[in-house]
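First comes the structure, then the notes that go with it.
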Ligand code: GLV
């Protein structure tokens, strides 16, 4: 039986699933493992089922037990793993696409609405109990007929577009390549980021985190948005230069921001917590029982497939 380290606690049924297939080392207390602990715990393991809370940089990868042949990430994003370093050591890296698309799109819409309709201020007022309705109380921005720019039109970007269409939004996007007509569904393709930003009354970040997309929303690119744009990020914190964003939120260039992901999670830029026009959630994108179970089962299945067949459909390196 292959020996597998599962770095974080999973939903019980998924752990039982893993226990049927592998000799499993569980993290019952769900403690965050440091780099040194990860390296130590990998001893004699054939595979690791990892979470986005562990960073497998090239140093960690180089020190993992030589028995490790696969890192199965319990996430669709894999920016926490240096996949090239893993490849050099002949370690396969896999992810969990598709199963979290709908749940993540729901959260993307929630943060877009939360930012546009001033939910943070509204919750604060409601909790104070001394609010008073008036014709101009907490007026926000309406999604209907506005243009939504989507950066990254993969599965999640397209699921957000489907939901946004039902709000009456007009969809624009920028992607590495233009989509086929049946996937595009009349969304307007922009070859350049600058062109997309210039029409984005609303903007949703849904591209992968990598060296090309790091801080792609920065002091320079923010200038291209229409004044008073609403931005949301449900992908990874890396895409936003937080200091530039805070400045734009304070000046009103950016009307409001909805966030589910952060640079250096679980830390959050302190001004995002104090500014009234930033609506924040603690990385809840895939957090439904249905989705987390499907993700964990897929992460287990990826390891099983890899050891049975020598390859895996969801391999990313
Ligand atoms: C969640 O953020 C994921 O990448 O699965």
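One equal scatterer on each Cα of the chain, no solvent, Debye formula: the resulting log10 I(q)/I(0) at q = 0.06, 0.08 Å⁻¹ is -0.23, -0.40.
Give the angle, between 0 and 90 degrees and rounded to the nearest 10, that separates the Cα long axis of helix 12-21 from the longest principal axis of the Cα atoms of the chain. With rounding to tens, the tilt is 30 degrees.
Working ranking of peptides 192-200, 102-110 by packing, defined as the average number of other Cβ atoms within 10 Å per residue, highest first, is 102-110, 192-200. On full extension, the segment bounded by residue 53 and residue 12 gains 12.8 nm, given 0.36 nm per residue less the C-alpha separation.
If one takes the longest principal axis of the Cα atoms in the chain, at what angle in degrees, from 0 to 90 and to the nearest 10, does the Cα axis of helix 242-251 lie? Approximately 10 degrees, to the nearest 10. Normalised by the number of residues in the chain, the average gap of Cα pairs under 8 Å and 6 or more apart makes the relative contact order 19 percent.
For 169, 245, the sequence from fewest to most other C-beta atoms within 10 Å is 169, 245. Please check: in the Gaussian network model of the chain (C-alpha springs, under 10 Å), which one of 295, 139, 239 has the largest mean-square fluctuation. In this elastic network of the chain, the residue with the biggest mean-square fluctuation among 295, 139, 239 is 139.
In what order do 281, 183, 33 fall by count of nearby beta-carbon atoms within 10 Å, going from fewest to most?
Final ranking by Cβ density, sparse to dense: 183, 281, 33.
Note on region 161-317: semi-axes of the ellipsoid equivalent to its C-alpha gyration tensor, largest first and rounded to whole Å, are 30, 21, 15. Computed packing ranks the peptides 257-266, 120-129 as 257-266, 120-129, most packed first, by mean other Cβ atoms within 10 Å.
So what is the calculated 222 nm ellipticity per residue for the chain, using -39500 (n - 2.57) for each DSSP H run with n of 4 or more, over all residues, to the nearest 500 deg cm²/dmol?
Computed ellipticity for the chain at 222 nm equals -10500 deg cm²/dmol.
Helix 155-166 and the long axis of the chain differ in direction by around 30°, with both axes built from C-alpha atoms. Here the spin labels are modelled as points 7 Å beyond Cα on the Cα-Cβ line, and at residue 131 and residue 176 they lie 4.4 nm apart.
No value in this document is a laboratory result; all are computed from the given coordinates. Here the structure is a predicted model, which means the values were calculated and not measured. Ideal geometry is used to build each Cβ from the backbone, glycine not excepted, and the neighbour counts take in all protein chains shown.
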